[in-house]
1. Exactly one of (1) open to solvent by 40 Å² or more (accessible area, probe 1.4 Å); (2) in contact (Cβ under 8 Å) with a residue 12 or more places away in the chain; (3) hydrophobic (A, V, I, L, M, F, W, C) is unmet by TRP31. Its number?
2. Which residues, taken from the stretch 24-33, are farther than 15 Å from PHE62 by Cα and assigned to a helix (DSSP H, G or I)?
3. Residue pairs, Cβ under 8 Å, 6 or more apart or interchain, first in the stretch 39-56 and among the charged types (D, E, K, R), second part of a loop (DSSP other than H, G, I, E, B). List them.
4. Scan the stretch 1-18 residue by residue and report those that are at pLDDT 95 or above, assigned to a helix (DSSP H, G or I) and surrounded by 16 or more Cβ atoms within 10 Å (Cβ to Cβ).
5. So, in the stretch 40-60, how many residues would count as being surrounded by fewer than 15 Cβ atoms within 10 Å (Cβ to Cβ), assigned to a loop (DSSP other than H, G, I, E, B) and under 11 Å from the mean Cα position of the chain (by Cα)?
6. Criterion first (modelled with pLDDT of 95 or more, in a helix (DSSP H, G or I) and not polar (S, T, N, Q)) does ALA21 satisfy it?
7. When you look at PRO64, is it assigned to a loop (DSSP other than H, G, I, E, B) and modelled with pLDDT of 90 or more, yes or no?
Amino acid sequence: MHVYTLKALRANKNWTQEMSAKEVGVSVETWSNWERAKTYPDVPQIIKIEQVFNVKYDDIIFLPNNTVKP
């Protein structure tokens, strides 16, 4: 099983935050806040992320990069 941050999902598509935000239907500020774990998407937004990035909710980790520590 692979687990991805939102930043990794968009990087895999070579997308900017602006491109990802547009595809999901949110502002760039909202997308940026999600990537930095300042805020989190609601259920309809998560469903859209799943569709856009072809992943399941269980495959997404809503933490910024390098925040998981032993």
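1. (1)
2. Hits for the stretch 24-33 are VAL24, VAL28, GLU29.
3. Going by the 8 Å Cβ cut-off, the qualifying pairs are LYS48/GLY25; GLU50/LYS56.
4. Matches in the stretch 1-18: GLN17 only.
5. Qualifying residue count for the region: 1.
6. yes
7. So PRO64 does not fit the description; no.
The values are calculated or read from the model by the stated rules, or taken from the named source; none is laboratory data. Computed from a predicted structure; not experimentally measured. Cβ atoms come from the backbone with ideal geometry, glycine included; neighbour counts cover every protein chain shown. Side chains are part of the model used for accessible areas, which takes the heavy atoms of the whole protein and leaves out ligands, DNA and RNA. Shrake-Rupley method; radii C 1.70, N 1.55, O 1.52, S 1.80 Å.
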